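The values are calculated or read from the model by the stated rules, or taken from the named source; none is laboratory data. The structure displayed is predicted, hence computed values, not measured ones. Neighbour counts are summed over all protein chains in view; Cβ atoms, including those assigned to glycine, are modelled from backbone coordinates with ideal geometry.
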Amino acid sequence: MSKWASAAAMAVMLAATPVWAQATKTTATVKTVQAPGEDRYVGYYYPKPTSTETYTSQMQTIDGVGRAERIQFVTVVSQGTLQSNYRVPYAVFAKGEKGDHLIIVGLQSGELNTIYRIRALLANMTTMSRGSPFFQEHTVAEDATFFDLLKLLGFHDVTVTDGEKITHQVMIK
């Protein structure tokens, strides 16, 4: 794993306990027909977005960052949340052919059920990011946000949902 992906992922790991996954065997075949311009993850990973916004970053994506680096970043973040001492109320993963869609799904009812809680989670991720050497090396840490970190890594959007009714999507330009 590359040093910078590891450092960047460490920046956003939040203290959390392991999420104990239940081992169940399920088989499902899902075929969906997607209309042009439609979000193919709606109805599978999250409900249709209830709110959207666009964040225009002053950062430039780091040259050479591709799908593999974004997947590494998300893998390290996910491992950190699974191995921490506190329960994390959400799962983080990347989707898309280029791994450039970050998705955060609440794992427990009531945890991310308002836009304010979603924004608080994203603000917390900014706070965690600012402390990392990677973030400090590539940004003016006190001015940059978690969205800027995502821009550096080449993510196009982040979608946060309670996994039930609320979905907030931020397009990163």
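Within the range 110-158, if we keep just the residues that are farther than 16 Å from VAL77 by Cα and among the β-branched types (Val, Ile, Thr), the residue that is modelled with the lowest pLDDT turns out to be VAL140. Among the residues of the range 42-96, just one is part of a helix (DSSP H, G or I), of a type in the set (S, T, N, Q), under 17 Å from the mean Cα position of the chain (by Cα) and surrounded by fewer than 14 Cβ atoms within 10 Å (Cβ to Cβ), namely GLN79. What number of residues within the range 47-92 are among the aliphatic types (A, V, I, L, M), touching a residue at least 40 places away in the same chain (Cβ under 8 Å) and under 18 Å from MET125 (Cβ atoms)? Going through the range 47-92 one residue at a time, the tally reaches 7.
Candidates in the range 141-171 are the residues that are within 12 Å of the chain's Cα centre (by Cα) and of a type in the set (Val, Ile, Thr); of these, the one that is nearest to GLU111 (Cα to Cα) is THR161. When ILE118 is tested against the conditions (1) over 18 Å from THR54 (Cα atoms); (2) assigned to a helix (DSSP H, G or I); (3) touching a strand residue (DSSP E or B) at 6+ places or on another chain (Cβ under 6 Å), the lone failure is (1). Quick one: would you say ALA120 is aliphatic (A, V, I, L, M), exposed (fewer than 15 other Cβ atoms within 10 Å of the Cβ) and over 12 Å from the mean Cα position of the chain (by Cα)? Here the answer is yes, as ALA120 does meet what is asked.
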